[in-house]
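Structure record follows, encoded as structure tokens.
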Amino acid sequence: MLIQGVQRLPIAQTALFFQTALFFQSIQIKLQIKLQIKLTPARFAALATLPLTSFPSGICHANPSAVNVRVDRWLAVQQLSGSVTYFNAAGTSRLANPGDRLEAIGDGITTDKEGSATLSIDTAVGTVEVAPNTRLSVQSLEVTPSDGHITRLRIDQGSVHLQIRPFTNPDSRLEIETPAGISGVRGTEFGVSLQPNGTMGAATLRGNVVTIAQDQEVAVPAGFQNITVPGESPSAAIPFANEPKLDYQIERTAYQGIRRIGLLGQVDPTSIVLYRGKPQPTDREGRFVLFFPAPSRLKVQITVTTPLGQTRTYDLDLI
């Protein structure tokens, strides 16, 4: 029996410089205007020669104070378990240690099937718990002119569980980016999972989360979850149970004289399925299939993990 409960982002030259910056932001190119940018006289003169008609009239009155800057910000490795690797954008990697800091774009950690880590955020706003089989990296760490703190992280596989207190500054936010979309918060406890096929699951325990993809935003309030399939808008939020439940059935087949056993399973669509420590692909309904040779006796272990970190291992006797 399969799951039934899951139903299924001069002065004129100076003004022109800021117009240029805001134009690139308006077309969603992630151009970071940083204090350390060196604007040589030659580059400045080149900008000044561009006609004003090259830019939308809506940005003719640019406000320099609205530009975010990169400052000394970081996430620190607070706790480690198992094998955890630190890496940076230059391609250097080594075993992670407590106290290591992720402070530049491209810095990150990976955990193996037995590894996990807890990261603390520099502003003491909360923690990021990195689950096994996860790759997390820094996308940006910024401070707004109003002293708001913007933290953008990315996961390319695995899952993370965040506990973030409410922000006091309205310009502060934290975002988790995946290949499918973005989950953004301003203070909450929530989890984000990433399937091998790139589908993102988000589940909110407290507070509110917004998932963003394909220029569409979907609110995920406390007690709800949703998924985002690459190339599609986020799904509608539905209630969640935070239960690592597995339903399955067994099918025996034969092809060209070779007997096989098929394990047809289904979990919550936001959960991750592990077999021999490796994530298994699931569809948008949480269904997956594994095939095994048919010996006289066969036992397998399947582990199911929810975005909020609830885990259960099933010992299945298939014969």
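The values are calculated or read from the model by the stated rules, or taken from the named source; none is laboratory data. Just so it is clear, the structure is predicted and the values come from calculations on it, not from any experiment. Because the Cβ atoms are built from the backbone with ideal geometry, glycine has one as well, and the counts that use them run over all protein chains shown.
All conditions but one from (1) touching a strand residue (DSSP E or B) at 6+ places or on another chain (Cβ under 9 Å); (2) farther than 19 Å from T199 by Cβ apply to F288; the one that does not is (2).
Selection within the range 73-88: residues that are closer than 30 Å to D147 by Cα and in contact with a Lys or Arg (Cβ under 9 Å, 6 or more places away or on another chain). The member of this set that is surrounded by the most Cβ atoms within 10 Å (Cβ to Cβ) is L75.
From P244, P234, P230, grab the single residue that is at pLDDT 95 or above, surrounded by 23 or more Cβ atoms within 10 Å (Cβ to Cβ) and in a loop (DSSP other than H, G, I, E, B).
On the way: P244 fails: surrounded by 23 or more Cβ atoms within 10 Å (Cβ to Cβ); P230 fails: surrounded by 23 or more Cβ atoms within 10 Å (Cβ to Cβ).
So the residue among P244, P234, P230 that is at pLDDT 95 or above, surrounded by 23 or more Cβ atoms within 10 Å (Cβ to Cβ) and in a loop (DSSP other than H, G, I, E, B) is P234.
Cβ-Cβ distances below 8 Å connect the following pairs, each with a first residue in the range 239-251 that is more than 14 Å from L264 (Cα to Cα), a second residue that is loosely packed, with under 14 Cβ neighbours inside 10 Å, and a separation of six or more residues or different chains: A241/G5.
Please specify each residue of the range 183-204 satisfying the condition of being over 18 Å from V130 (Cβ atoms) and surrounded by fewer than 22 Cβ atoms within 10 Å (Cβ to Cβ).
Residues of the range 183-204 that are over 18 Å from V130 (Cβ atoms), as a first pass: 184, 186-187, 197-199, 204.
Listed by number, the residues that qualify are G184, R186, G187, N197, G198.
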